[in-house]
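Asks: Got a structure here, written out as structure tokens. Questions coming.
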Amino acid sequence: MSQATLGPSPAAALIRRLGRRLEVRMLALASVVFVGLSLASPFFLQTNNLLNLLDQSVVTGIVSIGMTFVILTGGIDLSVGSVLGFTAVLMGLTMPHYGIPAGIAVAVVSGGAIGLFSGFLVARFGLASFVVTLGVMAIGRSLAYITSGQNSISDIPPAINNLVYTSILGVPSNVATLLVLYVLSWLYLSFTKGGRTIYAIGSNAEAARTAGLNVLAYSVLPYVISGALSAVAGILLSAQILSIDPLAGTALELDAIAAVVIGGASLYGGRGSIIGTLIGVLIMVMIRNGLNLLGVSPFWQGSAIGGIIIAAVLVERLVSTRVRA
Amino acid sequence: MVMPAPRVDAAPAPLLVARGIDKTFDRTRALIGADLRLDAGEVHGLLGANGAGKSTLSRVISGHVRRDRGEIAWRGIALDARNAREAIGAGIVMVTQETSLAPDLSVLENIFLPELALPGRLRYGALRQRARDILNSLGQESALPLDMEVRALSIAQRQLVEIAKALAQDASLIIFDEPTASLSPGEVERLFDVMTRLRADGRALVFVSHRLEEVFAITDCVTVMREGRTVTQSVPTATLTQSDLVRLMVGQDLARAQYRRAAAAAGDRTRVLEVRHLRAAPMVRDVSFTLHEGEILGLGGLVGAGRSETLEAIFGLRRPDSGEIRLHGRQFTPRRPVAAIRAGIGFVPEDRRGQSIVPDFSVRENLLLGHLSAHRGFGLGYRARDRRVADLLRQLDLRSDRLLDVSMLNFSGGMQQKIIIARWLLLEPRVLLLDEPTKGVDIGTRSSIYAILRDAADRGAAVLVVSSDFEELLGLCERIVVMSDGTSIAELESDVLDETKLTMFAAPRSSMEITSQLLRTLAGETGGAAYWVLLDSERLFCLARAGGDGDADPGFAAGATPRIGDTRIPTALAADAGHFVAEPGGARRTLLVRVQSHRGHELGWIGLTVAGTSTPDPAAIAQRVHEQFARAA
């Protein structure tokens, strides 16, 4: 049977097919924001400002990768901000004695371990991820205060600054790290058994279990990734400002969840993409940046971001043709 | 057969007339101009194969779903119930399988649940009295403790609560949607008693079922649906035969043995899966059977008999407490499904939407999900399966351009099921386990699923099918293992069986306890063997047996189906006498007492074989047996 070519031109069909892809819709939204801000503010398109945009995306962007993994399984990780703060303090305490690599290792391993703890409680005992990570969030922040003695740590080796400002092919290393992590996560989620299992769990955990997939391990893994990446974000943040505050990362979870949701992921799990999340992060950062450039009071920015989150979810619900159970 | 003309409308106006009802779910046209008319004081059978639309029509009438088009007249006035509450207000109630009861509330509170929503104080004393009156009117005053939590009730009792609830609302039309699916024969009889009383009260009852013998036992007239349309409306049941009904439901004569092979002698085939005394509390108690290469074996029984749980234990989804599973002769205890999959086992669970389909995956990824878990690499390895996927698609009649469709939910239930079965066929399994493989599958696709399973078996797979549809089991499987209350009680060859015998074997042990006790008492008192058997012209089917060693041994055990000539009491079995009959040689004497339920349903024979010349009084024994059966029902 031959495929009859009726109706609209191939170009229109292509656009419609692309429009079905979530990332494409989000990219269109990001472009609209981008063009809008370029028109509204003469400073927006300047090279310095664009580099600044990417620089501002690093912390939220890296944390949002982990958040995407967790949300894809249908969970949520509220502890990312306090894990960032706590692991950064641990790094700050380690580094003066054992050096920079040891400090980084301590931060990443302890971030991963905290994620393992939350993930195990959620996956093994079926506890609500919201509640478990809420508890871990409180514990993490409290430990950050205790271990730091309630003070900022500023006696960290200045050489750590190289983690951020080394130029790799003209791109600052922190931005390069961000991009590399996004590419790796995208490859993992799209082309590996583990990645597809994470999607399957979020879409229908019972079907994944009955089909023989390792539901327990791949339900825990996203929390480990989220914890470890929170630590990575904390490392880059500390390296940038050469100071570690036990308050670092406060309310970061909200930005990360917002980025993932704007990026089109479903909080029920199973749907969403890492590229979408990156676009979501960029949209948020652009709006923050643009509002600053336009001289909008920082107090109004919360309303703007909040409004965009709600609008993004509403539009996605209306556009998405499928009805979820 | 001559098609009887539809009943000519004589006297009273019909209670309900539904005309030209259309209903489409997503892309499935569930109802296409369906018609139904109901009169007061009748039990109306609503029949059809799976997917014919009988449940949808019931749900439209009872307000659970809204129709797209068509008219419903209730007592001559147009009715447009927007939800179940409005339909209940008009006097239409549906009693479903998944009951709408609140499990944590008491029986009394459930019966009057709709009244809890009314303003004002509840007067429990008055409610209690009304509940007693209702149960009295059903002849079931002692069957329901009013203060018990519904959670603790049996399915049959819950049904009774639903009926009482309907009566508390003074419903004049009660729709029973497959009410007997989980009931034992005794419980079915009690339900029919209740339905008879409701009819005598002048209420209209709709009985949705695909068990034909029940349709003949209880309904006054039937409406048959096929593929969303009404094919025959309000024909008196008495004018039809069973094969008439089958033809109306299916649209053709179904050659029953189409997909069945003759059972080969057990020794001729390689044993693939052996299950011995498997126990996985609470549902699986003692299950044993052997599955051979190239065979389709049925696992029959009522809903709740532990069949699904048995499959889950074999597949590693449920940890056995004790017993043994051997695969290809070697001990096999899968701790997780992936172990079973890598050992060559595939499992198609009952709940397609809940346990099989990953809704956010494309058809291709759904098809490859079993591969994904069997795959040992870090990547996906999808490419390696491309050729086999293409082969399977041809076999399934699925166009390859639909492989990348974003959601499986847009396909019909039958196509979804074929894709899920193909998920396992892709791995070329040695053992394929299927739980209710044609549930929610239209009649046309059913036969292609049977063909797929037969083909898999012919290629050497051992196939185990769980089904509550005995017709299906008899048409598909060479042998059937019957389970009841978590125990495998008989292993039977399909050739010698029919639906009625299978139903008797499948009765829950708990409902047979009184009978078993009687058998034990008789055996104990006389020192002989007491047993409950069904007989046809050639064979004996032993449902239960107690006692009897040595000379008194009648030559068959519970679950056995020997030829009459192969038993040790052929003379007595052939005689049909009201007294003890001695076998030639005089070593043993046998009395057979015919038993039936108080509704006249044939329940086979109770037999007593004693050694030597001792002769208990046959009349006294017959009397005791009859008394016992009257009480049991």
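Asks: Take the alpha-carbon centre of region B:192-207, take the same for region B:387-447, and report the distance between them in whole Å.
Replies: When both Cα centres are located, 42 Å separates them.
Asks: Can you give the calculated 222 nm mean residue ellipticity of the protein assembly as shown, where each DSSP H run of n ≥ 4 adds -39,500 (n - 2.57) and the sum is split over every residue, rounded to the nearest 500 deg cm²/dmol?
Replies: Dividing the helical sum by the residues of the protein assembly as shown leaves -14500 deg cm²/dmol.
Asks: As I understand it, the dipole of the protein assembly as shown uses +1 on the Cβ of Lys and Arg and -1 on the Cβ of Asp and Glu, about the Cα centre. Which of A:PHE299, B:PHE315, B:GLY607 lies farthest toward its positive end?
Replies: With unit charges placed on the Cβ atoms, the residue in question is A:PHE299.
Asks: May I ask you to order B:310-320, A:101-111, A:184-194, A:84-94 by the average number of other C-beta atoms within 10 Å around their residues, highest value first? Before the final figure, lay out the partial values.
Replies: Details: B:310-320: 22.2, A:101-111: 19.5, A:184-194: 16.5, A:84-94: 27.2.
Ranked from most to least packed, the peptides come out as A:84-94, B:310-320, A:101-111, A:184-194.
Asks: Another one. Which residues, if any, in region B:337-383 lose at least 40 square angstrom of accessible heavy-atom surface (probe 1.4 Å) when the other protein chains sit next to their chain rather than the chain being alone?
Replies: Listed in order, they are B:GLN355, B:VAL358, B:ASP360, B:PHE361, B:LEU369, B:LEU372, B:SER373, B:PHE378, B:LEU380.
Asks: Round to the nearest 10 and report in Å² the accessible area of A:TYR268, as given by a 1.4 Å probe over the protein chains' heavy atoms.
Replies: Accessible area of A:TYR268: about 140 Å².
Asks: Can you figure out the FRET efficiency of B:ASP268 with B:ARG330, using R₀ = 30 Å and their beta-carbon distance, to the nearest 0.05? Before the final figure, lay out the partial values.
Replies: Working: r = 21 Å, r/R0 = 0.71.
Rounded to the nearest 0.05, the efficiency is 0.90.
Asks: Pull up all non-local amide H partners of B:VAL272: gap of 5 or more, or a different chain, and H-to-H distance under 5 Å with H placed in the peptide plane.
Replies: Residues meeting the amide H criterion: B:LEU291, B:HIS292, B:GLU293.
Asks: Could you do me a favour and compute the accessible area per residue for the protein assembly as shown, 1.4 Å probe, result in Å²?
Replies: On the way: 41170 Å² over 958 residues.
So the protein assembly as shown comes to 43 Å² accessible per residue, rounded to a whole number.
Asks: If you put +1 on each Lys and Arg Cβ and -1 on each Asp and Glu Cβ, how big is the dipole of chain B around its Cα centre, in Debye rounded to 20? Mind dumping the intermediate values first?
Replies: Working: 78 positive and 79 negative charges, 352 e Å.
With only Lys, Arg, Asp and Glu charged at Cβ, the dipole is about 1680 debye.
Asks: Something else about it: In the structure displayed, which of B:LYS23/B:LYS501; B:LYS439/B:LYS501; B:LYS23/B:LYS418 lie more than 27 Å apart, Cα to Cα? Could the numbers behind the result be given before it?
Replies: Details: B:LYS23/B:LYS501 38 Å; B:LYS439/B:LYS501 23 Å; B:LYS23/B:LYS418 25 Å.
Correct reply: B:LYS23/B:LYS501.
Asks: Could you tell me what percent of the accessible area of region A:122-259 is made up of carbon and sulfur, with a 1.4 Å probe and every protein chain present? Spell out each step's value before the answer.
Replies: Numbers: 4040 of 5750 Å².
About 70 percent, which is the carbon plus sulfur part of the accessible surface.
Asks: Whole-Hz Karplus ³J(HN,Hα) for region A:132-143, in order, using 6.51 cos²θ - 1.76 cosθ + 1.60 and θ = phi - 60°, x for Gly and Pro?
Replies: 4, 6, 5, x, 4, 4, 5, 4, x, 5, 5, 5
Asks: Could you list the trypsin sites (Lys or Arg not before Pro) in region B:453-559 that lie in coil according to DSSP, counting only those with at most 16 other Cβ atoms within 10 Å of their Cβ? Display every interim value, and only then the final one.
Replies: Numbers: sites: B:ARG454, B:ARG459, B:ARG479, B:LYS501, B:ARG509, B:ARG520, B:ARG539, B:ARG545; in loops: B:ARG459.
Answer by residue number: B:ARG459.
Asks: Still on this model: With charges only on Cβ, +1 for K and R and -1 for D and E, what is the dipole size of region B:508-632 about its Cα centre, in debye, rounded to 20? Could you put the intermediate results ahead of the total?
Replies: On the way: 12 positive and 13 negative charges, 51 e Å.
That gives region B:508-632 a dipole magnitude of about 240 debye.
Asks: Please compute, for peptide A:268-274, the average count of beta-carbon atoms on other protein chains lying within 10 Å of each residue's beta-carbon. Mind dumping the intermediate values first?
Replies: On the way: counts 1, 1, 4, 2, 1, 0, 0.
Mean partner shielding for this stretch: 1.
Asks: May I ask you to derive the FRET efficiency for A:ALA311 and A:SER243 from their Cβ-Cβ distance with R0 = 51 Å, giving the value to the nearest 0.05? Mind showing how you got there, number by number?
Replies: Details: r = 36 Å, r/R0 = 0.71.
So, using R0 = 51 Å, E works out to roughly 0.90.
Asks: Provide the per-residue ³J(HN,Hα) series for region A:205-219, in order, calculated from phi with Karplus coefficients 6.51, -1.76, 1.60 and θ = phi - 60°, each as a whole number of Hz, with x at glycine and proline positions.
Replies: Couplings: 4, 5, 5, 5, 5, 5, 7, x, 6, 7, 5, 4, 4, 7, 7 Hz.
Asks: Counting protein heavy atoms only and a 1.4 angstrom probe, how many square angstrom of accessible surface do chains B and A bury in total, to the nearest 100?
Replies: Working: alone 27240 and 16070 Å², together 41170 Å².
About 2100 Å² of accessible surface is lost on pairing.
Asks: Given the options A:ALA228, A:ILE156, B:VAL215, identify the residue whose Cα lies farthest towards the positive end of the charge dipole of the protein assembly as shown (+1 on Cβ of Lys, Arg; -1 on Cβ of Asp, Glu).
Replies: Looking along the dipole axis, the top candidate is A:ILE156.
Asks: Here is a further query. In whole percent, and with a 1.4 Å probe on the protein chains, what portion of the accessible area of chain B is carbon and sulfur? Kindly include the intermediate steps, with their values, before the conclusion.
Replies: Numbers: 12730 of 26210 Å².
About 49 percent, which is the carbon plus sulfur part of the accessible surface.
Asks: Whole-Hz Karplus ³J(HN,Hα) for region A:179-192, in order, using 6.51 cos²θ - 1.76 cosθ + 1.60 and θ = phi - 60°, x for Gly and Pro?
Replies: 5, 4, 4, 5, 5, 4, 5, 4, 4, 5, 5, 8, 10, 10
Asks: Under the rule of at least 5 residues apart or a separate chain, name every residue whose amide H is placed under 5 Å from the amide H of B:MET225.
Replies: Excluding prolines and chain starts, which carry no amide H, the hits are B:LEU47, B:GLY48, B:VAL231.
Asks: Among B:VAL93, B:GLY41, B:GLY186, whose Cα projects farthest towards the positive end of the dipole of region B:16-251, with charges put on the beta-carbon of Lys, Arg (+1) and Asp, Glu (-1)?
Replies: B:VAL93
Asks: Determine the shielding of peptide A:197-208 by partner chains: average, over its residues, the number of Cβ atoms on other chains within 10 angstrom of each Cβ. If you can, show how the numbers build up before the last one.
Replies: Working: counts 3, 0, 4, 8, 1, 2, 7, 9, 1, 7, 14, 6.
What the average comes to for A:197-208 is 5.
Asks: To the nearest 0.05, what FRET efficiency results for B:GLN242 and B:PHE378 with a Förster distance of 60 Å applied to their C-beta separation? Please list the in-between numbers first.
Replies: Working: r = 58 Å, r/R0 = 0.97.
Rounded to the nearest 0.05, the efficiency is 0.55.
Asks: Peptide A:184-193: average number of partner chain Cβ atoms within 10 Å per residue? Each step should come with its number before you reach the end.
Replies: On the way: counts 0, 0, 0, 1, 1, 0, 1, 4, 4, 10.
What the average comes to for A:184-193 is 2.
The values are calculated or read from the model by the stated rules, or taken from the named source; none is laboratory data. Just so it is clear, the model here is predicted, and its values are computed rather than measured. For neighbour counting, all protein chains shown are included, and Cβ atoms are generated from backbone atoms with ideal geometry for every residue, glycine included. These accessible areas exclude ligands, DNA and RNA; they are computed on the full protein's heavy atoms, side chains included. Shrake-Rupley method; radii C 1.70, N 1.55, O 1.52, S 1.80 Å.
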